[in-house]
Each structure stands twice: as structure tokens, then as C-alpha cells.
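Participant: Dropping a structure here in C-alpha cells format, bear with me for questions.
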């Protein structure tokens, strides 16, 4: 906002293309001028103004006008997804199954169908599919962590079996995904040691070893 303190200055500013747009609290009329009409160094000073700060224009040491900050610039608009972790499901889930998953995850999560989720989704939940399809999904959701899941829930009508589940059902106890042989040795030792620590007569839980070391 530019406040003018005398009629002579007002006449000069009108000649420069200043428009009257309303009244300020002092009773003077507020006017506006596009910053493109001002020198670049003056524009830089205006841009540097913080909330509540003023820039005083002078002539021969006497103040003739005051430019006041209009406040901080508005940030990017918030969306309904700002405060939650968005999970996009590439599985066919009924509304009740999606609601159940969301409820179990808690209020910090929002579970959406693949086709209604935003491109900024945080997690992409995918059943066992081809590498090509995973690549296509990653292109659609470039920021999402891709999580593969095999799940069976007869009550909610969800059935996504895959090769790992079939191997575990056949009697395998652990499925290790190793980056190299030394990594495999560490994983195998951990799996065997954990098995030996179980109480006698207690079956080892089925598990999948983590890929990281």
C-alpha cells in the first residue's frame, strides 16, 4: 500500500498511472500502482519488506510517501492429504475392506483406490504382479514406496496369493532375499539362531527375511 502525504505528490502519482482503489484508516484514499512502473532497486526494497515493515520515500530528506508491507505471501494451498499418509491400493478391494484397512492403520493414514488416489500418494500397495506393471505404477505414483503384499481374508472377500505364500504354505519357514552371499550368510545365521531360541515344541513362525543387511 502507498500512502500519499500531500496533494502535490498525489498529482505526480496520478500522472504516473496510480489508481484510486479505496480509503486507508487515516481517511486518505488508498491508491495502487503496478511495481513494473518502479525502478528495479525500489522493487527489491519492497520485496524485502517483512510483515508490518514500511519503506519511506523521501524528497530532499523529507518524507513524501510510505510503502507498507501487505503481509507475508500466501504459501501453496493445503490439500486434504497434507496431514496423512496416503496409501494407494492396486488391489481390488471392496469399500468395506478398504475401510477396515484404513481403520486398522489409524487416523494418520488414508487408504484410497488406485484410480482415486493423487499422484503424490506416499505408499502403493501392490499384489504380486509383473515387473513391467510395477514400472508402470511407479511412473503413475513417482513418490510412492511400492509395497508388495499377499493377503487372504475370507471375511472381507480378499484373496491375493502369490509364489511366496505358496512356498510358505508348503512347509518353508523363512524366505530370504539376499543382495549377495555374505548377506545371505548373515540372514541364514539369524534365521537359524532365532529358530534355536524358540521354546521346545514351539513351531517357528513363518517369515520373510528383510532385503537390507
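Participant: Name the pairs: first residue in segment 31-55 and over 13 Å from residue 69 (Cβ atoms), second residue in a loop (DSSP other than H, G, I, E, B), Cβ to Cβ under 7 Å, at least 6 apart or on different chains?
Facilitator: Hits for this filter: 31/18; 32/18; 33/16; 33/17; 33/18; 37/16; 37/17.
Participant: Looking at segment 58-66, can you tell me whether even one residue there is surrounded by 11 or more Cβ atoms within 10 Å (Cβ to Cβ), at pLDDT below 70 and outside the structural domain of residue 149 (by TED's automatic domain parsing)?
Facilitator: Scanning segment 58-66 turns up no residue that is surrounded by 11 or more Cβ atoms within 10 Å (Cβ to Cβ), at pLDDT below 70 and outside the structural domain of residue 149 (by TED's automatic domain parsing).
Participant: Could you identify the single residue in 135, 171 that is more than 26 Å from the chain's Cα centre (by Cα) and exposed (fewer than 15 other Cβ atoms within 10 Å of the Cβ)?
Facilitator: Checking each option against the conditions leaves just 171.
Participant: Taking the residues in segment 33-46 that are surrounded by 13 or more Cβ atoms within 10 Å (Cβ to Cβ) and not in a helix (DSSP H, G or I) as candidates, determine which candidate is modelled with the lowest pLDDT.
Facilitator: In this case the residue turns out to be 33.
The values are calculated or read from the model by the stated rules, or taken from the named source; none is laboratory data. Keep in mind the model is a prediction, meaning the values are calculated, not measured. A quick note on method: Cβ atoms are made from the backbone with ideal geometry, for glycine too, and the neighbour counts reach across all protein chains shown.
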